[in-house]
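The values are calculated or read from the model by the stated rules, or taken from the named source; none is laboratory data. Since we're looking at a predicted model, the values are computed, not measured. When we count neighbours, we look across all protein chains shown, and the Cβ atoms used for this are built from the backbone with ideal geometry, even at glycine. Side chains included, ligands, DNA and RNA excluded: accessible areas come from the protein's heavy atoms. Shrake-Rupley method; radii C 1.70, N 1.55, O 1.52, S 1.80 Å.
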Amino acid sequence: MTSTPLHLGIALDGAGWHPAAWREPNSRPADLFAPGYWTDLVADAQRGLLDYVSIDDSLAVPGVRSDPPGAVDRVRARLDAHLIAARVAPVTRHIGLIPTVTTTHTEPFHVSKSIATLDYTSRGRAGWQVRISGTAAEAGHFGRREIREATAAQVASREFPEQVYELFEEAADAVEVARRLWDSWEDDAEIRDVATRRFIDRNKLHYIDFQGRFFSVRGPSITPRPPQGQPVVTALAHAPLVYEFAARAADLVFVTPGRAAGPEPILEQVASAAARVGRAGEPLRVHADLVVFLDTDRETASQRLARLNESAEFLSDAAIFAGSAADLADLLIDWSDRGIDGFRLRPGVAVDDLAAIVDRLVPALQRRGVFRTAYPDTSLRGLLGLPTTVPNRYATV
């Protein structure tokens, strides 16, 4: 048995991660762009006492490079992840909310302010999955810069063109700017003293004066320091370049181990990347992504997956699990014992597999004594085992 409690999150993306998911009987395709669909999913995840939901997003049409051009047999639109999180925040109480926000065509001042606001509206449950936008089509939405995107062969070989390295350098600077802006107000900067007519103590607001290759940001923020001090920064990574970015900028990295090789090779690469960039202090948390299809009362998971694959080809960057909740519990415990800090499960069919995770997997983990039976009264940082008191770099002693 694993010696530490499991951390478990859910990655939400449209009707689910299989391209044919939207056609399943329970998938509510007419509701995909309605708030009730998202509040229902996140409420279900919270019912299962999960650590967090992440909400996928990009500036491109959903899909993968191999999708047939002009394909219309899959969901080809999405809502803004941060705004979904903002909608869900007031109607949930415990679960962490991690929207994906790209750094390539956005300004870090705006991102810092929006994530800080989410931390306020969720009362300390905000996170941020950082993403770059590396395609020419995404750049074309803005017309401010050209992107020479990596070819499929370069992506497969992990030999990226120089511009991809620049995009991650820019992303690292964007996160650094956001982090400094979150610290630009000391925790007690707000006085709110009606008698003296002083709302803030101006001496407790700080210029960040960031000067870099991509940004020159003076600050301070116009939003007070978030309740968590530093909301949780995350990244999805598949290659040493991105492991290095995560080690420089993030608190938590999502990785994609294969079933056959297990987590050790990637854990070694993440550790090497952290050493190369000189990460110090709190260690980078590593959560493994798995796409999951669980047995139902009417079909085995393998039958479900085979039926879905007859409708649409499914290519996944993450390992695919199809089986029973008990077998998945065994896998999670095994990988946890081998060094993985937590897991982010991608429901193959959002409604069906999220319900199975909550109603079958979570009880299976609880029976093994490795998952919580109630939420602690804490922030997202606390749920993830990160320090809940984060020193402000600008505060005077």
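For the pair residue 330 and residue 187 in one chain, pulling the backbone fully straight at 0.36 nm per residue adds 47.1 nm over the alpha carbon distance.
When only C-alpha pairs under 8 Å and at least 6 residues apart count, what is the relative contact order of the chain, in percent? Don't jump to the answer; show the numbers that get you there.
Numbers: 741 pairs, mean separation 89.7, N = 397.
Reported as a whole number, the value is 23 percent.
Using the Cα coordinates of the range 275-368, the gyration tensor eigenvalues translate into equivalent-ellipsoid semi-axes of 28, 17, 10 Å, sorted from longest to shortest.
Of interest is the spacing of the C-alpha centroids, which for the range 3-32 and the range 320-397 amounts to 16 Å. Proximity of backbone amide H atoms, modeled 1.01 Å from N, is registered between residue 321 and 291, 292, 293 at under 5 Å, excluding neighbours fewer than 5 places apart on the same chain. Taking the Cα centroid of the range 241-302 and of the range 141-211, what is the distance between the two, rounded to the nearest whole Å? Here the two parts' Cα centres lie 24 Å apart. For the chain, the pair-distance distribution built from all alpha carbon pairs, in bins 20 Å wide starting at 0, is 27, 60, 13, 0 percent.
Working ranking of peptides 389-396, 298-305 by packing, defined as the average number of other Cβ atoms within 10 Å per residue, highest first, is 298-305, 389-396. Given R₀ = 56 Å, what would the calculated FRET efficiency be for residue 306 paired with residue 201, taking r from the Cβ atoms and rounding to 0.05? Computed FRET efficiency for residue 306 and residue 201: 0.30. The relative contact order of the range 46-108, computed from alpha carbon pairs under 8 Å that lie at least 6 residues apart in sequence, is 52 percent.
Express the accessible area of the range 196-315 per residue in Å², computed with a 1.4 Å probe while the remaining protein chains stay in the model.
Value returned for the range 196-315: 47 Å² of accessible area per residue.
By the compact-protein rule of thumb, 2.2 N^0.38 Å, the alpha-carbon radius of gyration of the range 238-397 corresponds to a ratio of 1.19. To put it simply, the accessible area of the chain at a 1.4 Å probe is 52 percent carbon and sulfur. Only DSSP H runs of four or more residues enter the estimate; each adds -39500 (n - 2.57), and after division by the residues of the chain the mean residue ellipticity at 222 nm equals -10000 deg cm²/dmol.
Taking other residues whose beta carbon is less than 11 angstrom from the beta carbon of residue 267, and scoring Lys, Arg as +1 and Asp, Glu as -1, yields -2.
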